[in-house]
1. Could you check the stretch 143-157 and list, in sequence order, the residues that are surrounded by 13 or more Cβ atoms within 10 Å (Cβ to Cβ), farther than 14 Å from Ala80 by Cβ and over 16 Å from the mean Cα position of the chain (by Cα)?
2. Yes or no: the stretch 133-142 includes at least one residue that is open to solvent by less than 40 Å² (accessible area, probe 1.4 Å), touching a Phe, Trp or Tyr at 6+ places or on another chain (Cβ under 8 Å) and of a type in the set (A, V, I, L, M).
3. Here are Leu126, Leu70: which of them is free of Cβ contacts under 8 Å to residues at least 60 places away in the same chain, more than 17 Å from Thr38 (Cβ to Cβ) and among the hydrophobic types (A, V, I, L, M, F, W, C)?
4. State which residue is most open to solvent (accessible area, probe 1.4 Å) when the search covers only the stretch 12-42 and only residues that are modelled with pLDDT of 60 or more and in a loop (DSSP other than H, G, I, E, B).
5. Looking at Asp105, Asp111, which one is assigned to a helix (DSSP H, G or I) and acidic (Asp, Glu)?
6. Restricting attention to the stretch 43-67, report how many residues are closer than 25 Å to Arg93 by Cα, touching a residue at least 12 places away in the same chain (Cβ under 8 Å) and surrounded by 15 or more Cβ atoms within 10 Å (Cβ to Cβ).
7. Does at least one position in the stretch 124-136 carry a residue that is assigned to a loop (DSSP other than H, G, I, E, B) and on the phi < 0 side of the Ramachandran plot?
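The values are calculated or read from the model by the stated rules, or taken from the named source; none is laboratory data. Remember, predicted model here, so these are calculated numbers, not experimental data. Virtual Cβ from ideal backbone geometry, glycine too; neighbours counted across all protein chains shown. Please note that ligands, DNA and RNA were not included when accessible areas were found on the heavy atoms of the full protein model with its side chains. Shrake-Rupley method; radii C 1.70, N 1.55, O 1.52, S 1.80 Å.
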Amino acid sequence: MYLKLAPDPYPDYASFLNSRPRLDAPVRDTLSGIQVHTLRRLFSEQTLSQIANNEFKARKPDETLSMTALFEQVSNAINAEIINGTSVPALRRLLQRTYLRTLADMLVNPDSEAPDDAKMLARYHLRRLKNQIQAVRNRPLDTATRIHLDEMLSEIDRVLRAQYTIGSASEPAPTTVLPRR
């Protein structure tokens, strides 16, 4: 189905002259973009705050989506290949790195206004992910997956070792340990 997608046959003439037109439909980029935007929305400070407050508003708090359940279910779904010890396809690697950056930003971004419980859960799930990766690293996996897992371990270690630094007013504080993509 995706192979039938094609680029715009009528591109903007000025951009056509000034750059090389893309000859294929950016399927991977489009799908990855949808995943990234969904993940960012789920773990936005506003959504996390609403989830935290809903637990207090509901008559039956155990019937609402809790922050613990959100982190658990999303982490298990995104990292299923790591949990099962199987190779991770390219699109899933992008999603897993985005999830890692999302959790990392909650912990190391000094401007993060995520609820304290979300930060606590982010740290817990990073530690758990580290243990899961270490448990499957020696299994027979493809080269891209091995490199991906090694990079994820490095990033998790960097985030867990990161410390808050209080700078002077003249120095801008670093916003994140991980680069955004």
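1. Those that are surrounded by 13 or more Cβ atoms within 10 Å (Cβ to Cβ), farther than 14 Å from Ala80 by Cβ and over 16 Å from the mean Cα position of the chain (by Cα): Ala144, Arg146.
2. Here is the first cut: in the stretch 133-142, the ones open to solvent by less than 40 Å² (accessible area, probe 1.4 Å) are 133, 136, 141.
Subsequent filtering for residues that are touching a Phe, Trp or Tyr at 6+ places or on another chain (Cβ under 8 Å) retains none.
Checking the stretch 133-142: not a single residue is open to solvent by less than 40 Å² (accessible area, probe 1.4 Å), touching a Phe, Trp or Tyr at 6+ places or on another chain (Cβ under 8 Å) and of a type in the set (A, V, I, L, M).
3. Values: Leu70 fails: more than 17 Å from Thr38 (Cβ to Cβ).
Answer to the check: Leu126.
4. Checking each candidate, the answer is Arg20.
5. Working: Asp111 fails: assigned to a helix (DSSP H, G or I).
On inspection, the qualifying residue turns out to be Asp105.
6. Let us first name the residues in the stretch 43-67 that are closer than 25 Å to Arg93 by Cα, namely 43-45, 47-48, 67.
With touching a residue at least 12 places away in the same chain (Cβ under 8 Å) added as a condition, the list becomes 43, 45, 48, 67.
With surrounded by 15 or more Cβ atoms within 10 Å (Cβ to Cβ) added as a condition, the list becomes 43, 48, 67.
Final tally of qualifying residues: 3.
7. First pass over the stretch 124-136, keeping only residues assigned to a loop (DSSP other than H, G, I, E, B): none.
No: zero hits.
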